[in-house]
Amino acid sequence: SLPPSRRTQEARPLIAADTPYASLTPDLVLDAVSACGLWPDGRLLALNSYENRVWQVGLERAESEPAAPVIVKFYRPARWTDAAIIEEHRFARELADAELPVVPPLAFEGRTLLQHEGFRYALSARHGGRAPELEASDQLQWLGRLIARMHVVGARAPFAHRGRLDR
């Protein structure tokens with residue numbers, strides 16, 4: 001039998017403070033997209049993400065053109081600083097400007113990191129992709145060149161706010 005203090009901890013139900021996304025409801029997702037001046041049509045699709053919460057949100061059509069969905073990414077609270085996220089957004093824009101296949105976040109009133117109901121989030125255009133065939137040497141060579149180009153762009157200036165990966 002477990003000691004009483006241990007039994008209490010294991011039997012205690014999770015509360016909103018224990019789950020950072022407990023209040024991230026579909027309505028809040030739609031409201032956050034609306035706060036950017038876009039018109040969600042109610043279609044939501046949750047996308048795979050380990051650390052953050054990511055949704056595809058359908059938009060109302062314009063008069064003559066269909067509106068492409070947007071991707072909205074809600075950042076895990078207290079995981080990264082605002083400065084680190086903004087630095088990541090700037091790097092994504094720099095990579096896209098260098099014609100690398102990267103989808104940078106969209107800017108609204110000059111800002112890419114947005115806030116709504118206590119959540120930090122960013123929107124981006126939806127672009128399809130595919131997994132590489134890792135047995136195909138031409139695709140491995142292409143991936144190697146892509147990574148090299150990313151490093152060339154990244155070497156232009158050091159990151160000031162992002163964590164460092166090393167041994």
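What's the Cα-based Rg to Rh of segment 101-141, Rh via Kirkwood? Please report the intermediate quantities before stating the final value.
Working: Rg = 16.3 Å, Rh = 13.1 Å.
My calculation puts Rg/Rh at 1.24.
Share of segment 57-126's accessible area from carbon and sulfur, percent, 1.4 Å? The partial results should precede the final answer.
Working: 1900 of 4040 Å².
Solvent-exposed carbon and sulfur of segment 57-126 make up 47 percent of the total.
What is the local net charge at PRO40, summed over the other residues whose Cβ is closer than 13 Å to its Cβ (Lys, Arg +1; Asp, Glu -1)?
Values: positive: ARG43, ARG61; negative: ASP27, ASP31, ASP41, GLU60.
Taking every Cβ under 13 Å from that of PRO40, the sum is -2.
Work out which chymotrypsin sites (Phe, Trp or Tyr not before Pro) in the chain are exposed loop sites (DSSP not H, G, I, E or B, at most 14 other Cβ within 10 Å) and give the longest gap free of them.
Working: sites that count: TYR21, TYR50, PHE159.
Here the longest segment lacking exposed loop sites spans 51-158.
Can you pull out the trypsin sites (Lys or Arg not before Pro) in segment 67-145 that DSSP calls coil and that have at most 16 other Cβ atoms within 10 Å? Could you put the intermediate results ahead of the total?
Working: sites: LYS73, ARG79, ARG90, ARG93, ARG111, ARG120, ARG126, ARG130, ARG145; in loops: ARG79, ARG126, ARG130.
Of the trypsin sites (Lys or Arg not before Pro), the ones in loops of segment 67-145 whose Cβ has at most 16 other Cβ atoms within 10 Å are ARG79, ARG126, ARG130.
Between segment 37-92 and segment 127-167, what's the alpha-carbon centroid distance in Å?
Segment 37-92 and segment 127-167 have Cα centres spaced 23 Å from each other.
Can you match Rg/Rh (Cα atoms, Kirkwood Rh) to one of these, (i) 1.06; (ii) 1.35; (iii) 0.97, based on a calculation from the structure here?
Read-out taken from this structure: (i).
Under 5 Å between amide H atoms, partner at least 5 residues away or on a different chain: which partners does ARG76 have, H built in plane at 1.01 Å?
ARG53
Quick one: which residues, 5 or more positions from ASP41 or on another chain, have an amide H under 5 Å from its amide H? H modelled 1.01 Å from N in the peptide plane, none for Pro or chain starts.
Result for ASP41 returns GLY58, LEU59, GLU60.
For the chain, what is the accessible area per residue in Å², given a 1.4 Å probe and the full set of protein chains?
Numbers: 12060 Å² over 167 residues.
Heavy-atom SASA per residue in the chain reads 72 Å².
The values are calculated or read from the model by the stated rules, or taken from the named source; none is laboratory data. This structure is a prediction, so every number in the text was calculated from the model and none was measured. Positions of Cβ are generated from backbone atoms using ideal geometry, with glycine treated the same way; all protein chains shown enter the neighbour counts. Note: accessible area is taken over every heavy atom of the protein model, side chains too, but ligands, DNA and RNA are not part of it. Shrake-Rupley method; radii C 1.70, N 1.55, O 1.52, S 1.80 Å.
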